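Accompanying notes for the structure given below.
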Amino acid sequence: MAIPTPKPDASRPLLLVVDDEAPVLKVLERLAARIGFDVATCANGTDAMRTLLRKPADLAMVDLRMPDVNGLDLLKQIRAAVPSCEVILMTAYAAVDSAVEAIKLGAREYLTKPFDFDRLKQVLEDIRMELERRAQVVALESQVARQLEFCGMLGRSPAMQEVFSLIQRLAPHAKVVLISGETGTGKELAARAFHHAGTRRNRPFVTINCSAVVDTLFESELFGHVRGAFTGAVESKPGVFEAAQGGTLFLDEVGELPLSVQAKLLRALEYGEVQRVGSLQPKRVDVTVIAATNRDLRAEVAAGRFRGDLFYRLNVVDLMLPPLRDRREDIPYLTSAFVRDCAARVRKPIHGLTPQAERLLLSAPWNGNVRELKNVIERACMLADGTLLSERELAGAFGPETQAARSGAAAKPRSVGDVAPGTPPLEEIEREHILEVLRQVNGNRMAAAKVLGISRRALYRRLERHHLAEEAPPAILRRPV
């Protein structure tokens, strides 16, 4: 009795089988469907690439010899077009040279025909379980990211947890706050968090970017003006202090204020009064003022570019936001949140990153901090064709410094002739290397991940793949006899 092929299921990984022999396609389609894959089949490389570009697969099984395209060439095309797609090469003409070349080009496995069906089933089951675990990790990261969110900010690092704690404790009481940090660290988000965690959360939150105001209009923008106060003042207008009455005023890039306006800002903070340009009558205002800057205001005071009395008045509560390079453990969770939001906005089924892309994000310098990370993810989501963001979509967003570091770190590939006879399989070499590193760090997996230059999640995936995940540290530390 024929076994019916299950209907496509969005939760099942997709396998693309490429072979010019119809019986092979039928056998692999039935076997893979029973194991848990949705299966698409193609009889040649041209149709395979069309199918992949229309619906990227999670795994491809490619015959080495086909009439229209060599299997190794198709492997290169697949790795270039869909880097997240694993590839298994199949052949009835096994050769050491082609096997080594396939592994060098990124093939996951190299299977010979006629198939050893026990091994074939094990390989497919292992890959399916790995894909499912990867999806579970991505879903868990997204869930954790939601739990780690605090008033629009996100972070589990000690530095960010301390920031969240300070905001919670000080927000109900602070009337003047200074937030400092590099560009892109999220100073406005921190200001909004102060506002929402305080007693004025239901009152106005008004923002002014001091670096974007024309010098001659600073005083008018802050304190307002009356009709006829200057040329062009055809009607009276309140300033941002009055607009924020009862709520919070956020002065972004406060270090850009001219010295002449700084004195009037100091008076407004000291006495709670503002005076419109052209008016003789002061107005009382009740406003929480949060100022932010990416400058070192102490150095600005020493250089005579910022008033010392205003600095000390603003510095009642000083909140320093750490740069992203000092809290790299937050990158996976920030990335997960950005991917979720961007994927929904561009309407693409993107749910995570490939391990290579994760490593690239963790090693990047992030001079632009969280804002740069968000922009990189948005760009990658717009370019992505598959369900995972790959190194290809991310790499173009980085500057020459990161590109040069990546190029320098890449090992120069050896030719097939350089491979010594009896060289152990790549998987075995990797397994022994991981074991050796674990022994060197006494079984500490966090330390091992750092030595290996990969994330902890990437290390855990490799431990599972090499059947080391359940090994207790003493078993890992024992050297083979």
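Backbone geometry of the range 35-46 corresponds, through the Karplus equation with coefficients 6.51, -1.76 and 1.60 at θ = phi - 60°, to 3J(HN,Hα) couplings of 6, x, 9, 7, 10, 10, 10, 9, 8, 7, x, 4 Hz, x marking Gly and Pro. Count Lys and Arg as plus one, Asp and Glu as minus one, and take only other residues whose Cβ is under 9 Å from that of residue 127; the net charge is then -4. Kirkwood hydrodynamic radius computed over the range 90-195 comes to 18.9 Å, based on all pairs of distinct alpha carbons. What ³J(HN,Hα) values, in whole Hz, does the Karplus curve 6.51 cos²θ - 1.76 cosθ + 1.60 give for the range 189-199 when θ = phi - 60°, with x put for Gly and Pro? Coupling constants for the range 189-199: 4, 5, 5, 5, 5, 4, 4, 6, 8, x, 7 Hz. Projected onto their three principal axes, the Cα atoms of the chain cover extents of 96, 53, 42 Å, largest first. Taking all protein chains together, 51, 354 sort by accessible area into 51, 354, largest first [probe 1.4 Å]. When both the range 226-250 and the range 295-314 are represented by their alpha-carbon centers, they are found 26 Å apart.
How big is the gap, in Å, between the Cα center of the range 61-88 and the Cα center of the range 149-213? Here the two parts' Cα centres lie 50 Å apart.
Adding -39500 (n - 2.57) for every DSSP H run of four residues or longer, then dividing by how many residues the chain holds, sets the calculated 222 nm ellipticity at -14500 deg cm²/dmol.
Rg/Rh for the range 30-141 (Cα atoms only, Rh after Kirkwood) is 0.96. Per-residue accessible area (protein heavy atoms, 1.4 Å probe) orders 359, 54 as 54, 359, starting from the largest. Classified by the C-alpha gyration tensor, the range 258-409 has a prolate form. Its axis ratio a/c, with a ≥ b ≥ c, is 1.5 or above, and a/b is larger than b/c. Do any trypsin sites (Lys or Arg not before Pro) in the range 160-265 lie in a DSSP loop with no more than 16 other beta carbon atoms within 10 Å, and if so, which? Passing sites in the range 160-265 are 175, 201, 227. Other residues with beta-carbon under 13 Å from the beta-carbon of residue 275 carry, at +1 per Lys or Arg and -1 per Asp or Glu, a net charge of +2.
Between helix 71-81 and the chain there is an angle of about 10 degrees, using the helix long axis and the longest principal axis of the Cα atoms. The H on the amide N of residue 352, modeled in the peptide plane, is under 5 Å from the matching H of 389, each at least 5 residues off or on a different chain. Across the range 59-110, Cα-Cα pairs more than 14 Å apart make up 42 percent of the total. Normalised by the number of residues in the chain, the mean separation of alpha-carbon contacts (under 8 Å, six or more apart) gives a relative contact order of 12 percent. Since only 394, 181, 319 are under comparison, the one whose Cα sits farthest along the positive direction of the charge dipole of the chain, derived from C-beta charges on Lys, Arg, Asp and Glu, is 319. For residue 39, the amide hydrogen comes within under 5 Å of the amide hydrogens of 15, counting only partners 5 or more places away or on other chains and with H modelled in the peptide plane. Counting Lys and Arg as +1 and Asp and Glu as -1 over every other residue whose Cβ lies under 13 Å from the Cβ of residue 247, the net charge comes to +3. Accessible surface computed residue by residue for the chain, with neighbouring protein chains in place and a 1.4 Å probe, gives 51 Å² per residue.
What a 1.4 Å probe finds exposed on the range 156-200 is 55% carbon and sulfur by accessible area, rounded to a whole percent.
The values are calculated or read from the model by the stated rules, or taken from the named source; none is laboratory data. Everything quoted here is computed from the prediction, not taken from an experiment. Positions of Cβ are generated from backbone atoms using ideal geometry, with glycine treated the same way; all protein chains shown enter the neighbour counts. Side chains are part of the model used for accessible areas, which takes the heavy atoms of the whole protein and leaves out ligands, DNA and RNA. Shrake-Rupley method; radii C 1.70, N 1.55, O 1.52, S 1.80 Å.
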